[in-house]
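Participant: Pasting a structure below so you can have a look.
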Amino acid sequence: MAKLVAEFYAPRGIDVSFSEAPAQRDSIVILTKGFLLKSCSDDLLRLKEQGNILIADYVDHPENPELVEIFDALIASSHKQTAAYRAAYPHKRTVHVTHLVDTRIRTVPPQKHAFRVGYFGGLHNAKHRADLAAHVQFHESGSDLSQWIRELPLYNCHYAVRQNNPWDGFKPFTKGFLAARCQSPIIIVASDGDAAHYLGGEYPYLLVSDHLSDIIEMVERAATDFGGPRWQLALAIMSDIAKASSDTVVLAEFDTLVREYMPLRQSFWATPRRLLSRLLRSA
């Protein structure tokens, strides 16, 4: 996202820079999740005193209500998070910015010879991983790993049932956006983040529960449907999701927020550098 934003604003003469040191003045400052997790009110107030506009991007981590009053605006990564922020903080500006898919991944045509399901993400988050070994191939993803990206074209269906953790906030629909970019249906629980919002009531592979027996039944149903009418319906829905989560859409949403404050500040800044891969969005 950092590179995308810098390239987007360069023709307009808007400076985009990154720093670990909270010393920026008179700028729009995007506060990353990593920075917010280790910051206190004194850090943020110091930035405010230096003439900065502060915009918080917690992504999938719960926000700190005590710090929210210091921010000028909030970025929400999902529609559920957007609604929650606006209900809890009606006096704060909240802008939805769709979670960006890993920029190394463009359109990925899947293999069409045989039904094959893959999971791509943190393995510790994969629900029923051991019990589904005969049905799903699991691949660890990460900013420093590229093997999983090379595996994407070998599959034509994505498994995305998540193991919920007590520290989770609102999860963006990133795995759905990834599957859409790979032109593949996704198997996911309806209650997971924005899954129901994007997939809708007609989508054939939306789970009601995360029980193992229900998941196996759904995988087997998708295998039977492979290439047929219900499969084609799922692909059509995923195609619409690909358009709704394109880089162009993400940048337009982000620019909506920046334009609101740009007359006041002519540059914006994000922190810290070592979290650059997590700036605003990570796959």
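Participant: Going 7 Å from the Cα of residue 259 along its beta-carbon direction, which residues of region 10-41 have the amide nitrogen within less than 17 Å of the resulting point?
Facilitator: Label zone hits: 10-14.
Participant: Got a number for carbon plus sulfur as a percent of the chain's accessible area, 1.4 Å probe?
Facilitator: 53 percent
Participant: Separate question: What ³J(HN,Hα) values, in whole Hz, does the Karplus curve 6.51 cos²θ - 1.76 cosθ + 1.60 give for region 63-75 when θ = phi - 60°, with x put for Gly and Pro?
Facilitator: Result, ordered by residue: 6, 9, x, 5, 8, 4, 4, 7, 6, 7, 7, 10, 9 Hz.
Participant: When all protein chains stay in place, what accessible area (Å², nearest 10, 1.4 Å probe) is found for residue 38?
Facilitator: Counting only protein heavy atoms, the figure is 110 Å².
Participant: Helix-derived [θ] at 222 nm for the chain: sum -39500 (n - 2.57) over DSSP H runs of at least 4, divide by residue count, nearest 500?
Facilitator: It lands at -10000 deg cm²/dmol.
Participant: By how many nm would the segment from residue 40 to residue 6 grow when fully extended, if each residue of separation counts as 0.36 nm and the alpha-carbon distance is taken off?
Facilitator: Residue separation times 0.36 nm, minus the Cα-Cα distance, leaves 9.4 nm.
Participant: Work out how much length residue 124 to residue 247 would gain on full extension: take 0.36 nm times their residue separation and subtract the Cα-Cα distance, in nm to one decimal.
Facilitator: Full extension of this stretch gives 41.5 nm more.
Participant: Please work out the Cα convex hull volume for region 67-189 and give it in Å³ per residue.
Facilitator: Per-residue hull volume (Cα only) is 129 Å³.
Participant: Next question, about the same structure. Just tell me which aspartates and glutamates come within less than 16 Å, Cα to Cα, of residue 48; anything on the same chain fewer than 8 places away is out.
Facilitator: Candidates past the 8-residue exclusion: 26, 66, 69, 72.
The values are calculated or read from the model by the stated rules, or taken from the named source; none is laboratory data. Computed from a predicted structure; not experimentally measured. Positions of Cβ are backbone-derived with ideal geometry, glycine not excepted, and every protein chain shown enters the neighbour counts. Accessible surface areas use protein heavy atoms only, side chains included; no ligands, DNA or RNA. Shrake-Rupley method; radii C 1.70, N 1.55, O 1.52, S 1.80 Å.
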